[in-house]
1. At 7 Å along the Cα-to-beta-carbon direction for both E512 and E1082, put a label point, then send me their distance in nm to one decimal.
2. Going 7 Å from the Cα of Y867 along its beta-carbon direction, which residues of the range 890-904 have the amide nitrogen within less than 17 Å of the resulting point?
3. Quick one: net charge of G609's neighbours, Cβ under 9 Å, K/R +1, D/E -1?
4. Let me check something: with ligands and nucleic acids excluded, how do E891, E831 order by accessible area (1.4 Å probe), largest to smallest?
5. Out of the DSSP beta bridges found with both residues in the range 874-1071, what percent are antiparallel (nearest 5)?
6. Tell me which of L1064, P1030, P1041 sits at the most positive position along the dipole axis of the range 874-1071, charges placed on C-beta atoms (Lys, Arg +1; Asp, Glu -1).
7. Per residue, how large is the accessible surface of the range 874-1071? Use a 1.4 angstrom probe and give square angstrom.
8. Local charge sum around A664 (other residues, Cβ-Cβ under 15 Å, Lys/Arg +1, Asp/Glu -1)?
Amino acid sequence: MLHLPCRTALRYGHRSTIRALHTSTLRPNAIRINPRITLSSQPRSSTSPLHASRAFSTSTARRKEKPVDPLDDPTEEAKEETKEEGNVVEDDNISDAKSKVPEPIPSSTPSDGKASAAGGGGSGGESGSGGGDGKGKKRKSSSDRSLAKPSIPEVYPQMMAIPISKKPLFPGFYKAITIRDPRVVAAINEMWQRKQPYVGTFLLKNDSADKDTFDSLDEVYDVGSFCQITSILSVHNDPNALTAVLYGHRRVKISSVIPPRGDKIEASSKDTAPAEKEVESQPQSEAEEKGDVTASFEEGASDATPAKEEPVYEPTSQFLKRYNVSLVNVDNVFDEPIDKKSPTVRALVNEIVGTFKEASAMNHVFRDQVSAFSATIGTTNVVEEPVRLADLAASVSAGESQEMQEALEATNIEDKLHKALIVLKKELMNLQLQSKISKDVESKIQKRQRDYYITEQIKAFQRELGIASDGKDKLVEKFREKAAKLAMPEAVSKVFDEEVNKLAHLEPAASEFNVTRNYLDWLTQIPWGQRSAENFGIKHAMDVLDEDHHGLKDVKDRILEFIAVGKLRGTVEGKILCMVGPPGVGKTSIGKSIARALNRQYYRFSVGGLTDVAEIKGHRRTYVGALPGRIIQALKKCQTENPLVLIDEVDKIGRGHQGDPASALLELLDPEQNNSFLDHYMDVPVDLSKVLFVCTANMTDTIPRPLLDRMEMIELSGYVADEKMAIAERYLAPAAKELSGLKDVDVQLEKEAIVELINKYCRESGVRNLKKQIEKVYRKSALKIIQDLGEDVLSEDKALTEEGKAAQTASESDTSDVKETSDKIEDETTEKPRVALQVPESVHVSIDASNLKDYVGPPVFTSDRLYAATPPGVAMGLAWTQMGGAALYVESILESALTGSSSAGLTRTGNLKAVMKESTLIAYSFAKGLMAKNFPGNKFFDNAKIHLHCPEGAVQKDGPSAGITMATSLLSLALNEKLDPTLAMTGELTVTGKVLRIGGLREKTVAARRAGATTILFPRDNLSDWLELPENIKAEIDGRPVDWYSDVFDIVFPNLDNAVADQLWKKELKEKKKREKKEEKEIEDDD
């Protein structure tokens, strides 16, 4: 049960505050109750004959506005009561606006007769004798009874008990409690409807307990308060609960607990309470003579009921038993007679008043409470109200619950004042300690900067209390608040709770404190369960990709497939794409465009040269300066579980003594494993299955096979001339122009100049070098414009801002060395020292093919091919390199004149690696075999010493795809036949003449076109690759697939005369035979 604090004014019944409280109730039929009552502490005479008849009376007490005439009552007791009633009315008129307390719920039908004992004289809590024994009094008419005013029942023997915790409710004070037990809620609602809103509140002995019912008297103190429910409010966040505002009227004591599910209690039942029996045993005639009526607990009691009939009523406990709530029989608790002239009482009262004055001087809350109390007692001397003063002292203090309960239970006024004074003195000591701490803090502030005031005050409080935390509690709370906003998996949440609990018990000075704090910081910065809304629009993706990149059809098609799957499924799993291609073709930039097309966050990191596995999987927390891996850092930066992570240069990853990062990537880039990626630092599984990984590489040879198998390869070839032209016009030239400050200047880079740049300056596969050359053109243009116009037109005074001029002046006056930072560097710098200058509109610059060399120098490549006309023994091959494709010439020559006495041999040069050296031997053996088979008369290879060379010796060359080129070069030399200079070929050759599949056909085709080739020979197994090539690459090129070298031979030697070829080199070889015969004859002659 939740106890809500009430404002001080509510405790003392300010009219405006009570009205606000009543109007805030959500019950439309709630009745505002605000009578004027006077509580008396005089004990009721147990021998009074009227006491028995009024024990069960719940009729609303009624009295006239004027005192009763003493002449109407012949007895002295009636006179005395009439006098007392007159005094009460007078007091009420004096403090009409100050002493308003809740009215009782009026009965739906007025009761007959005069005021009952429950409210004699209009005093709702009057405990003294009522209106006498009733002899000689006349019954009032119905019209007189309609003017009577209801009051609080003085005797309420059976009621529902509500346990409260931590602090009892004192008479004369308000308390708001929240009821959550549905049985108690239903019971209160029915009591409110029956207009019997009276309950008892009793303090729980266990301060930590929170309940709305109790099962045994051992759970609560037996003395509590008889309370009236003044308002019922709904609880905003719990529709099944309610908040009841209670006002205490008097003290009661539990005599017994009523069984919650007993038999129905009837008026004549033997189980009826003792007070009920007294009512039944009283003669009916006597009740009539006294003019008193025993009111029924049942709603709507009719006035027409004959007075002589036995009353029909339903006791409170009867209808409440249906709800299984705590029901008790109670007796009123009366104070012992008060001797107001007692010096002890006066001394205690004066001490309490003095303590209140001291507390009010240190705390404004006490000052407000004392002011409100003074308003309730009006002009009455505080000494005349010692009971209420004691209740005030105990209720406003925050003491122990047992001490406040003892003050409530005390019936002796001296004992009550003494216990209340103890509670109040403890509160004063607490205020004095606060004042002392405040003064200590103020004395320290005088010696330190004022900025540390709040921090030092907190530390001083914590030192006095012995619970110094140095902000640790706030740190723990901050972590818990951050974790509450995340959808952590169960395993992660468990680890988080353990680490938070560990942090709460660690000392800030401990070394592990910072380790745990940093770990929790990382754990709460990972976006658990947070994903960005992806855009699966096909048209949008196409627009974005085409806007940023020209060509790259394979990449764009793969991204569109990815988007189409996501559009149909509603979500997509992460993929691992690897784009392989030469430098400068847009591999890295396409990753950012993909992220923009998918509306994903973008993060890039390079693994080129990486040798530490901790960069991928993080360091263990035991190391100083430990950090998570790069992928965890990516999640922290992007704050989403589905970013696009670009891993650049994956083919250049290293390996060292700190581990193998390539092997660490196996878990990261495996779709079957990365849904529970385990970082060494985090040590909890992290789901990376929603991440889209895009890797880039220049070649696949250096990528480990297991890692290569986990990635989806997309090959990007180099750009041909027309693609470079489109990229230069659409992207490179506008960007370079703006970067050079010529955005609004009439500087035109003509199309012919771009073609010249592509053909004679930038023949590489990518466009990076082309971009540099275009930027160089615009930079030269900017320089020429300034030199032609002169600095008078574009002067420095126009470019510098006022701040820039001041900084320049300060910098000129600085004589310090430029290697050292000046002491006045702040004066020499400014946020915006310069502004852009406008070039006059009269300036016009045009760059074409004729004046291009003035901007970029002479051409690097003067011809399209290395050979305009190839001699015998020279063949054009095609090679794949990291830069793309390239034309690879193979040259074969005779080292010496071919004679009958010369010996055969083969020399190889050109920085050839092992595989290519083997290809030369295979080609040499195959060529000799072919000549022996098809041209047996041609003995060229029997006596020829051949030198085979591949140009550009500084470039390493390897691979088997030059086999047919080498064989063709050797056969061209042996047959003494020139080859077509526009014919290029590629293919691996076996010793039997079979042409095998090769790779990189696209790059090689681009290189052949760049070298001016018109015919390409390639293995028939690569025919599918040829068909997939874009038409702009295959344009003007004739592709010839071949299976065997015989197909190559027929193409490269179309006009060969076999008879002539067979008799070739016979003349040179005959001299060998003549020389041999001559030598043999000379030997014979010698013999």
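1. Once both label points are built, they end up 10.1 nm from each other.
2. Zone members listed by number: 890-895.
3. On the way: positive: K652; negative: E649.
Spelling it out: positives minus negatives among the neighbours equals 0.
4. Numbers: E891 40, E831 185 Å².
Putting E891, E831 in descending order of accessible area: E831, E891.
5. Values: 15 of 31 bridges.
Given both bridge residues lie in the range 874-1071, the antiparallel proportion sits at roughly 50 percent.
6. L1064
7. On the way: 8520 Å² over 198 residues.
Ligands and nucleic acids excluded, the figure is 43 Å² per residue.
8. Working: positive: K617, R620, R630, R655, R710; negative: D612, E615, D660, E667, D670, D679.
Every neighbour counted, the sum reads -1.
The values are calculated or read from the model by the stated rules, or taken from the named source; none is laboratory data. Keep in mind the model is a prediction, meaning the values are calculated, not measured. Cβ coordinates were reconstructed from backbone atoms using ideal geometry, including for glycine residues, and neighbour counts include every protein chain displayed. Only protein heavy atoms, including side chains, enter the accessible area calculation; ligands, DNA and RNA are left aside. Shrake-Rupley method; radii C 1.70, N 1.55, O 1.52, S 1.80 Å.
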